[in-house]
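Quick note: the coordinates plus some simple rules give every number you see, no bench work behind them. Here the structure is a predicted model, which is why all the values come from computation and not from measurement. No Cβ is skipped: glycine too gets one built from the backbone with ideal geometry, and neighbour counts run over all protein chains shown.
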Amino acid sequence: MKIILGVAGGIAAYKAAELARLLMQESHEVQVVMTKAAEKFVRPLTFAALTGRKVLTNLFAIESAIEHISVAQEHELLVIAPATADLIAKLAHGLADDFLTTLYLAFTGPVLVAPAMNVNMWQHAATRANLDTLRLRGHRIVEPDSGYLACGMTGPGRLADPEAIVEAIGREAHKRRDLAGETVLITAGPTQEPLDPVRYISNRSSGKMGYALAEAAAARGARVILISGPVHLPAPHGVEVVAVRTAVEMRQKVFENLDAADIVIKAAAVADFHLSKVPDHKIKKTAARISLELDPTPDILAELGRKKGGRLLVGFAAETQNLQQEARRKLESKNCDMVVGNLVGVSDSGFESDQNEVILALRTGETIPLPRAPKREVADCIFDQVLRLRLALHAANGN
């Protein structure tokens, strides 16, 4: 791969030289970009000798006024190691005051960040929030090791070993194109079922899991069609977003796009009921009790199960109890190839949270638990199993 290696100003910067050597040994092309502070710890000449390329440092001492744009466009992966607390804050908030941070804003490929800092800085709420922001953008964080730090303290914050970073880069390179040529249809978010012109029935789904799946699929080379209920999330880069409101609208758009899809993932929390007849005017509040007649909404997943053909179909099951049993029941009743089950109503996971803890019920009979992790990481784990499942099903069918 063509890799940009960003080096920030911390004592761990000397380890970046070994990382550059290992990447060159793996036959990657490496372009080093250093912050001004990084030059205080390691001379640019060291990296130039290791990579055979001029090291980029000063935004205002370059051959072209748009060199940061061309460098961003010419490379496939941005690795920042070490990433200091200061640099992580700049990345999270979009500050661009040197070559590396400006290049970051112009870079559209996958980003891998390897933090290194004092243990208290690593555990500070501001740093944790900034890292969560980067994770939500789909960036891969290589967690620091624990041990004796240069400041004399002991704890997490030491830059991960260069070999571990190279391994993470290898995984990123492998999954970079493993969905190339595929079209993935994903539904996300809630639906809103009108009660009158100003009120509606809905649920607590934020859409974060579906959007994380869309980001992951796009990063792995797929064409992604994201059919989304009302959410407060930015459109993922490179994804075709189709906005809907009701379950009926979602069903219509799903089947309009089904012919193009190779993989269908139903992550939306579609309302189960809607008002049988929506009044034209706002229902006035009175002292009297009122009753509403609700009809079931279309069962989109069940219909997909009947019409999926050779497509791989993944459903979601949000449950408050008996998670494994309910996920397996849904797998069979809806004719899915995989059902992702998650417990809702627990703190720091599921609806509205940036984290998720799920089980994967597979058509092969396996049930795979995934530990609690950021939803973007869970999304990649789901696609890892989707691809493995497809290979197993093809082998079973003699394809």
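The alpha-carbon of K36 sits under 24 angstrom from the alpha-carbons of these lysines, leaving out residues fewer than 8 places away in its chain: K2, K15, K54, K90. Backbone amide hydrogens, once placed in the peptide plane, bring Q31 within less than 5 Å of I3, I4, L5, excluding anything fewer than 5 places away on its chain. Taken over region 141-203, the alpha-carbon convex hull comes to 165 cubic angstrom per residue. Across region 269-347, counting alpha-carbon atoms alone, Rg and Dmax equal 17.4, 55 Å.
Comparing A317, A164, A116 in a Gaussian network model of the chain where C-alpha atoms under 10 Å apart are linked, the largest mean-square fluctuation is found at A164.
Considering only A212, A48, A126, the residue lying farthest towards the positive end of the dipole of the chain is A212, judged by Cα position with unit charges set on Cβ. For K40, the aspartates and glutamates whose Cα comes closer than 20 Å to its Cα, not counting residues fewer than 8 places off in the same chain, are E18, D86, D97, D98. When every Cα-Cα distance of region 1-131 is counted in 10 angstrom steps from zero, the calculated P(r) takes the values 13, 47, 33, 6, 0 percent. Between R311 and K54, the modelled labels are 5.1 nm apart [label points 7 Å from Cα along Cα→Cβ]. Distance from the Cα centroid of region 189-266 to that of region 286-325 is 15 Å (rounded to whole angstrom).
Label sites at V231 and N203, each approximated as a point 7 angstrom past Cα along Cα to Cβ, lie 1.4 nm apart. For region 190-330, pairs of C-alpha atoms spaced more than 21 angstrom apart make up 49 percent of the total. As a length-normalised measure over Cα pairs under 8 Å and 6 or more apart, the relative contact order of the chain settles at 11 percent. Here the Karplus curve 6.51 cos²θ - 1.76 cosθ + 1.60, taken at θ = phi - 60°, turns the phi angles of region 182-188 into couplings of 9, 10, 10, 9, 10, 10, 8 Hz, with x standing for Gly and Pro.
Among 205-213, 275-283, 13-21, sorting by the average number of other beta carbon atoms lying within 10 angstrom of each residue, highest first, gives 205-213, 13-21, 275-283.
When DSSP assigns beta bridges and you keep just the ones with both residues in the chain, what percent turn out antiparallel, to the nearest 5?
30 percent
The three principal axes of the C-alpha atoms in region 132-243 carry coordinate ranges of 64, 37, 15 Å, sorted with the longest axis first. Under 18 Å from a label point set 7 Å out along the Cα-to-Cβ vector of D280, the amide N atoms of region 190-204 belong to 195-199.
Lysine pair count for region 183-396 with Cα-Cα distance under 16 Å and sequence separation of 8 or more or different chains is 13. Shape annotation for the chain: C-alpha extents along the principal axes are 76, 61, 44 Å, from largest to smallest.
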